[in-house]
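The values are calculated or read from the model by the stated rules, or taken from the named source; none is laboratory data. Since the structure is predicted, the reported quantities are computational estimates derived from the model, not experimental observations. Note: ideal-geometry Cβ built from the backbone for every residue, glycine included; neighbour counts use all protein chains shown. For the accessible areas, the whole protein counts, side chains as well, though only heavy atoms, and no ligand, DNA or RNA atoms are used. Shrake-Rupley method; radii C 1.70, N 1.55, O 1.52, S 1.80 Å.
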Amino acid sequence: MLMTAEDYMDSLRQCRLNIYLLGEKVENWVDHPIIRPSINAMAMTYKLAREPESEALATADSMVSGKKANKFNSLFQSTGDLVTKVKLQRLMGQRTACCFQRCVGMDAINAVFSTTWETDQQHNTEYHQRFREWLKHVEEKDLCISGAMTDVKGHRGLAPSQQADPDMFVHIIERRNDGIVVRGAKAHQTGAANSHEMLIMPTLRMREADKDYAVCCAIPSDSDGITMVYGRQSCDTRKLEDGDIDVGNYGFGGQEVLIILDDVFVPWDRVFMCGEIDFSAVLVERFASYHRQSYGGCKAGIGDVLIGATASIADYNGVRQASHIRDKLSEMVHLVETIHSCGLACSYEGRQMMAGNYQPDTLLANVCKLNVTRFPYELCRLAEDIAGGLLVTTPSEKDFRHPVIGPYIDKYLKGDPEVPTESRYRMLTLLHAMSTGLVAPSYRTESMHGAGSPQAQKIMIERESDMENKQKLARTIAGIDKREDVLA
Ligand code: SF4
Ligand code: FE
């Protein structure tokens, strides 16, 4: 049964998270004003699954049970499913204007599904059947899953087993009859505190000495031994102030968490990789392709809101019809549609894996993400250009509401006299949130480093580009190799 957004919120209240924020343990984290917007964003994935207009996009027939499941818990059974994934993510971005977090779990589920199938063929293990059973339970209960990949990594030049501190990568510290015990930490984990369970994955290629680090398993978020530390976001304490203007986007926000795993026990039926080093990189690369595809959806949807806000502030400033403003807005649309086109293209070019689910085209997914490491920066630059300097100099809402200085602000910060100053204020704080404030991390730095930093995409693009064939084409046309006879 699919949960409503309200059911989801209630279910989170049953999770006894051990979570810290601003130096304090947070007991009622569901209602905490800094955390709540990120829960709202995740809840939108539940809302859309029950809305008649979006239900077809936001749900799927389960490949493991045949029953209806939330799209974010589902396996992709065709290239069409990959396409609707990206369209759903664009819609989610439009409705929340932030990172809505649940895609990491969806991408992890699909990557682990195909990897466990092939691991079993190679190693005579039984991970895939275990994973199917776990996924049935996830879909049936409509749980939210966070995908936990990025280790804290320590010295970047050293392999996991070479680190001075062995805990720099999550690893198995004990193998028991009933399961394993893991230790380590995962950094900047999207949506970890909003999810019922986390799906732990390795973060890079492993060598023989790294066997204990090749681990994949599912753990309930409130298991013994787990501590979460909520990551700061620019201007986050504005959420603790009275009023509803200065934050810009009160409804929704992203969330990144440092997860500390202090000797956490995992029973065998939740272990999906345990020392198979040859499948560590396979899993990482598959997850990366899915998540690089994802950015062709979410970043386009968030970009739509940014463009809408930029056009609106141009209206409020009375400059909307200036030719250079119209030109810049068209440029912004071009950037957003290019991002989305790449997300769609890698989906249409997807392929079926041996396990039966579908994977986006690796080269095009990496091109998609590499564009995302650049275009949102240009989009923000154009938005800031059009918005003007007031974007970063607006007095606070408290001043705007002040009985003495408020009327001055209302008079002097008005643009087009037909538009209330408050509307201009609200649009500016939204733009501020999206370009430099609260939401900005998920549109700028997250665009750069989320799903892997740009160099990771360049490496994959180089590997997938078949340069030898391109050179052969050139040699043939140039007459260095034998020219093709069109009449032959
Ligand atoms: Fe989803 Fe985008 Fe957030 Fe990744 S960055 S979890 S794809 S919304
Ligand atoms: Fe991300």
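Checked against the criterion of being at negative phi, part of a loop (DSSP other than H, G, I, E, B), open to solvent by 30 Å² or more (accessible area, probe 1.4 Å) and out of contact with any helix residue (DSSP H, G or I) (no Cβ under 7 Å at 6 or more places or on another chain), the stretch 275-287 has no qualifying residue. As a summary of the residue check, Leu199 satisfies the conditions (1) farther than 18 Å from Ser114 by Cβ; (2) touching a Cys at 6+ places or on another chain (Cβ under 8 Å); (3) within 16 Å of ligand 1 (Cβ to nearest atom) except for the one numbered (1). Taken over the stretch 116-142, residues that are in a helix (DSSP H, G or I) and open to solvent by 40 Å² or more (accessible area, probe 1.4 Å) amount to 12. Looking only at the stretch 234-250, residues that are open to solvent by 30 Å² or more (accessible area, probe 1.4 Å) and out of contact with any Phe, Trp or Tyr (no Cβ under 9 Å at 6 or more places or on another chain) come to 8 in all. Of all residues in the stretch 390-407, those satisfying the criterion of being more than 15 Å from Asp246 (Cα to Cα) and either in contact (Cβ under 8 Å) with a residue 12 or more places away in the chain or not in a helix (DSSP H, G or I) (or both) are Pro403, Val404, Ile405. For Leu391, the criteria (1) in contact with a His (Cβ under 8 Å, 6 or more places away or on another chain); (2) within 19 Å of Phe76 (Cβ to Cβ) hold in every case but one, which is (2). Pairs linking a residue in the stretch 144-163 that is closer than 13 Å to Leu258 by Cα to a residue that is open to solvent by 60 Å² or more (accessible area, probe 1.4 Å) and not hydroxyl-bearing (Ser, Thr, Tyr), with Cβ atoms under 6 Å and 6 or more positions apart or on different chains, do not occur. Contact map, the stretch 84-96: first residue closer than 18 Å to Pro37 by Cα, second residue within 15 Å of ligand 2 (Cβ to nearest atom) and charged (D, E, K, R), Cβ cut-off under 8 Å, separation 6 or more or different chains; pairs are Gly93/Lys299.
In contact with a Gly (Cβ under 7 Å, 6 or more places away or on another chain), hydrophobic (A, V, I, L, M, F, W, C) and surrounded by 21 or more Cβ atoms within 10 Å (Cβ to Cβ), is that true of Val215? No, not satisfied. Screening Gly297 with (1) within 12 Å of ligand 1 (Cβ to nearest atom); (2) closer than 30 Å to Arg207 by Cβ gives one miss only, at (2). Output yes when any residue across the stretch 7-30 is under 17 Å from Gly251 (Cβ atoms) and free of Cβ contacts under 8 Å to residues at least 24 places away in the same chain, and no when none is. Yes; the residues of the stretch 7-30 include at least one that is under 17 Å from Gly251 (Cβ atoms) and free of Cβ contacts under 8 Å to residues at least 24 places away in the same chain.
If you go through the stretch 331-345 and keep only what is of a type outside the set (A, V, I, L, M, F, W, C) and within 14 Å of Gly308 (Cβ to Cβ), you end up with nothing. Within the stretch 258-269, does at least one residue satisfy the condition of being at pLDDT 95 or above, away from ligand 2 (no atom under 16 Å from the Cβ), within 20 Å of Ala355 (Cα to Cα) and of a type outside the set (Phe, Trp, Tyr)? Yes; the residues of the stretch 258-269 include at least one that is at pLDDT 95 or above, away from ligand 2 (no atom under 16 Å from the Cβ), within 20 Å of Ala355 (Cα to Cα) and of a type outside the set (Phe, Trp, Tyr). Looking at Gly179, Gly157, just one residue is over 29 Å from Thr45 (Cβ atoms) and out of contact with any strand residue (DSSP E or B) (no Cβ under 9 Å at 6 or more places or on another chain), and that residue is Gly157. Can you find a residue that is within 16 Å of ligand 1 (Cβ to nearest atom), small (Gly, Ala, Ser) and more than 15 Å from the chain's Cα centre (by Cα) anywhere in the stretch 241-257? Yes: the stretch 241-257 contains one or more residues that are within 16 Å of ligand 1 (Cβ to nearest atom), small (Gly, Ala, Ser) and more than 15 Å from the chain's Cα centre (by Cα).
Suppose we keep only residues that are in contact with a helix residue (DSSP H, G or I) (Cβ under 9 Å, 6 or more places away or on another chain) and in a loop (DSSP other than H, G, I, E, B) within the stretch 151-175. Which one would you say is most open to solvent (accessible area, probe 1.4 Å)? Here the residue is His155. Contact map, the stretch 341-367: first residue under 13 Å from Leu75 (Cα atoms), second residue open to solvent by 50 Å² or more (accessible area, probe 1.4 Å) and basic (Lys, Arg), Cβ cut-off under 8 Å, separation 6 or more or different chains; pairs are Tyr358/Arg351; Gln359/Arg351. The helices (runs of 4 or more DSSP H) found entirely in the stretch 408-469 that carry 1 or more residues being open to solvent by 30 Å² or more (accessible area, probe 1.4 Å) and within 16 Å of ligand 1 (Cβ to nearest atom) are 440-443, 445-449, 454-464.
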